[in-house]
Amino acid sequence: MEMNINNQMIDLSPAEKQIEALLQKSGFYLQTYRAIDAMTVLNIAQEIISKTDVRWQLKSPVFSNIGNAYIQMGKLNNGIEYLKKAYECNEDGNNKAELAITIASYLYRSGDRMKALEYAEKGMETATALNLKAACVHIQGTVAANEKNFQKAIELFNTAIELAEQTHFLSDMAMYILDVAAVYLQMGLPETALSETYRAERYIKECRNLDLYTRCAIRRAKILFLMNRDKDAKTLIMALADQQN
């Protein structure tokens, strides 16, 4: 059996055919938040991998899906360890960068900011896609903001925005701009923060992302309340409620 994996046509061995079928099944289970069912079939795949020579194009997704299953089960550390295994055996630069970004995000969530930065840097080393480079820089900016290194955070977020703009990733741009607004708010500059939310909204409207528009509107309302512009804030929230009804 020949199969297209990561844009490569490869002939699958009998063991690899079995793993491919198990991967498809586990993917369905993960999409429907049935992590325990996913883990059941992934354990079979992992057992095959332990006994058979399996190419990285199948091995990496198995480890990645196990990691995602653990995370759905609330076992973040176990999940991170399997995502690292997926990263280590992966040989595609952008695919490897995507895994590094995911790992960095979860490490940041777990409170390990230094390790998060390490994996963001790993992502930068292998990524060729500008949107992935932008995501790596964004993680670096997030860590800087958390450490209250506000000027560095703004510089990094703006770099991420520039990279995303080059590939016309408007939703990513808008999210990064909202993070710039959040930094200005932490700096005690609500007027500048408000201006940044308007800048984000411009791109949100262009990409027609309703969820992101809602997030932006709520952020703007909070800033307006902080500026004692209660009437403007209430008008915005009421307009948002009308749009959702």
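The values are calculated or read from the model by the stated rules, or taken from the named source; none is laboratory data. For clarity, every value in this text was computed on a predicted model and none was experimentally measured. Counting neighbours? That spans all protein chains shown, and the Cβs are built from the backbone with ideal geometry, glycine included. For accessibility, only protein heavy atoms count, side chains too; no ligands or nucleic acids. Shrake-Rupley method; radii C 1.70, N 1.55, O 1.52, S 1.80 Å.
Structure values in brief
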{"item": "Meets criteria (open to solvent by 10 Å² or more (accessible area, probe 1.4 Å) and either on the phi > 0 side of the Ramachandran plot or without any contact (Cβ under 8 Å) to a residue 24 or more places away in the chain (or both)) for TYR106", "result": "no"}
{"item": "Residues (in a loop (DSSP other than H, G, I, E, B) and surrounded by fewer than 20 Cβ atoms within 10 Å (Cβ to Cβ)) located in region 126-159", "result": "THR128, ALA129, GLU147, LYS148, ASN149"}
{"item": "Residue list for region 23-42, restricted to those being open to solvent by 20 Å² or more (accessible area, probe 1.4 Å) and either in contact with a strand residue (DSSP E or B) (Cβ under 7 Å, 6 or more places away or on another chain) or of a type in the set (Ser, Thr, Tyr) (or both)", "result": "TYR29, THR32, TYR33, THR40"}
{"item": "Failed item in (1) closer than 25 Å to LEU107 by Cβ; (2) open to solvent by 20 Å² or more (accessible area, probe 1.4 Å); (3) of a type outside the set (S, T, N, Q), with LEU83 passing the rest", "result": "(2)"}
{"item": "Tally of residues being open to solvent by 10 Å² or more (accessible area, probe 1.4 Å), assigned to a helix (DSSP H, G or I) and touching a Leu at 6+ places or on another chain (Cβ under 9 Å) across region 52-70", "result": "6"}
{"item": "Residues located in region 196-217, provided they are open to solvent by 70 Å² or more (accessible area, probe 1.4 Å) and more than 20 Å from the chain's Cα centre (by Cα)", "result": "TYR198, ARG199, ARG202, LYS205, GLU206"}
